[in-house]
1. Here is a list: GLY114, GLY63. Which entry is of a type outside the set (Val, Ile, Thr), modelled with pLDDT of 95 or more and within 12 Å of the ligand (Cβ to nearest atom)?
2. Listed residues ALA42, ALA92; which is closer than 30 Å to MET164 by Cα, within 16 Å of the ligand (Cβ to nearest atom) and either modelled with pLDDT of 95 or more or surrounded by fewer than 24 Cβ atoms within 10 Å (Cβ to Cβ) (or both)?
3. Restricting the search to segment 327-350, which residues are more than 19 Å from TRP14 (Cβ to Cβ) and within 14 Å of the ligand (Cβ to nearest atom)?
4. Within segment 98-107, is even one residue under 14 Å from MET163 (Cβ atoms) and either at pLDDT 95 or above or not acidic (Asp, Glu) (or both)?
5. Looking only at residues in segment 140-164 that are within 17 Å of MET97 (Cβ to Cβ) and among the β-branched types (Val, Ile, Thr), which one is farthest from the chain's Cα centre (by Cα)?
6. Name the residue, out of LEU23, LEU34, LEU30, that is part of a loop (DSSP other than H, G, I, E, B), more than 16 Å from the ligand (Cβ to nearest atom), surrounded by fewer than 23 Cβ atoms within 10 Å (Cβ to Cβ) and not acidic (Asp, Glu).
7. Would you check if ALA280 is within 30 Å of ARG363 (Cα to Cα) and modelled with pLDDT of 95 or more?
8. How many residues are free of Cβ contacts under 8 Å to residues at least 24 places away in the same chain and basic (Lys, Arg) when one looks only at segment 180-226?
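The values are calculated or read from the model by the stated rules, or taken from the named source; none is laboratory data. These figures come from a predicted structure and were not determined experimentally. For neighbour counting, all protein chains shown are included, and Cβ atoms are generated from backbone atoms with ideal geometry for every residue, glycine included.
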Amino acid sequence: MSTVAGPHVETNPWEAQAARFELAARKLNLDPSLWKILSMPAREITVHIPVQMDDGRIELFTGYRVQHSMARGPAKGGIRYAPEVNLDEVRALAAWMTWKCAVVDIPFGGAKGGIICDPKTMSQHELERMTRRFTAELIEVLGPEKDVPAPDMNTNEQTMAWMMDTYSMHMRQTVTAVVTGKPVSIGGSRGRREATGRGVMLVTLQAVKKLGLMPWNTRVVVQGFGNVGSYAALLLHEQGFLVTGIAEWNCGLHNAHGIDVKKLFEYKTANGTIEGFPEAEPADHHELLVSDCDVLVPAAMENQITTQNAGKLKAKILVEGANGPTTAAADDILQDKGVFIIPDILANAGGVTTSYFEWVQDRQGYFWKEAFVNSELEHMMTSAFAEVIRYAESHNVNNRIAAYMLAIDRVAETIKTRGIYA
Ligand code: GLU
């Protein structure tokens, strides 16, 4: 595992985060003390948790929770389960949460967690025991006013239900606001499941409008058909975009006339995969990223657009549904090509924005109608988009650096006003 001071590697997410932070901080002429504070996470926790597997064996899993900043409010961010989880990745994702929450101006800091495991090989019971033990290990640092987890890669509403229940058992009372992304039946928010994809759709609409395109002749390729990619594709399809390609980790689909995403949704539910969908041709999942299209939505994982393929990208608009899908080194190539980027910390902020609505509803004990959730989200996403574009134009920087500048400025202002406790 590399460390913060490790050698430069294009695909190290922490390096990718730090490179953009430095560029933006320099442009902002950020005070050196604030620079120092914001360039490192506030708190990093590593746990090694024993879990009994179904065959009786005890397995030891390593997990992390990194709280990058709590300056603007409770730390906020997802928990991911994957074999590739490592501390640098979790650090980067935690920092991105700080910037993301500041871009959409919600009162949260940033955090992220993860456990090194292969959830595909684990049973539901094993996942439940691992989740509960992880929650118990973190009990002192979690809480509605401290740190509020949510789903991320390979975790879902059920994972959050187990976390909420474990935390509540320790507190001897039901505490719904300790996590977001819960099932609606136990204090989740209507619209949260679709929210990240909906946010992607909302900012894509704004970008298309800005570039003078029309949805009906705008071809979109989406990478990933998990929570973010599937709802982004579905909602873009419903808005009249031509979703011409979908790339999954092991397969791809193409249809020049547009894929009926609603039917694809039904197909995936029935078959567990998009492979073999009869109303599209099979396509190479790597080639789809650089295929002819107008909008590319990487909504899978980090490091998908690198110096290896950035030069070949044909899309005019890149909407980053995933966190960190573009490496810092690829940024320059995309800028030279004139690609209009909606950076991750804006493009995928619909999820955490609706998590904020969920936290508010849980604390009030009053639950909103879905139409209200969606209209509040639309308002927040379109305002944040407009602010980032205004910042980019007035400071003569690209959209990504503009989003970082806007975020860093907001967090720095909070720290300055609060002062340093000594
Ligand atoms: N994991 C999601 C993200 O990366 C959601 C975080 C949240 O809702 O707290 O934005």
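1. After ruling out the rest, the residue left standing is GLY114.
2. Residue meeting the stated conditions: ALA92.
3. LEU346, ALA347, ALA349, GLY350
4. Taking every residue of segment 98-107 in turn, none turns out to be under 14 Å from MET163 (Cβ atoms) and either at pLDDT 95 or above or not acidic (Asp, Glu) (or both).
5. Filtering segment 140-164 for residues that are within 17 Å of MET97 (Cβ to Cβ) and among the β-branched types (Val, Ile, Thr), the one farthest from the chain's Cα centre (by Cα) comes out as VAL141.
6. Step by step, each of LEU23, LEU34, LEU30 is checked, and only LEU30 is part of a loop (DSSP other than H, G, I, E, B), more than 16 Å from the ligand (Cβ to nearest atom), surrounded by fewer than 23 Cβ atoms within 10 Å (Cβ to Cβ) and not acidic (Asp, Glu).
7. no
8. So the count comes out to 1.
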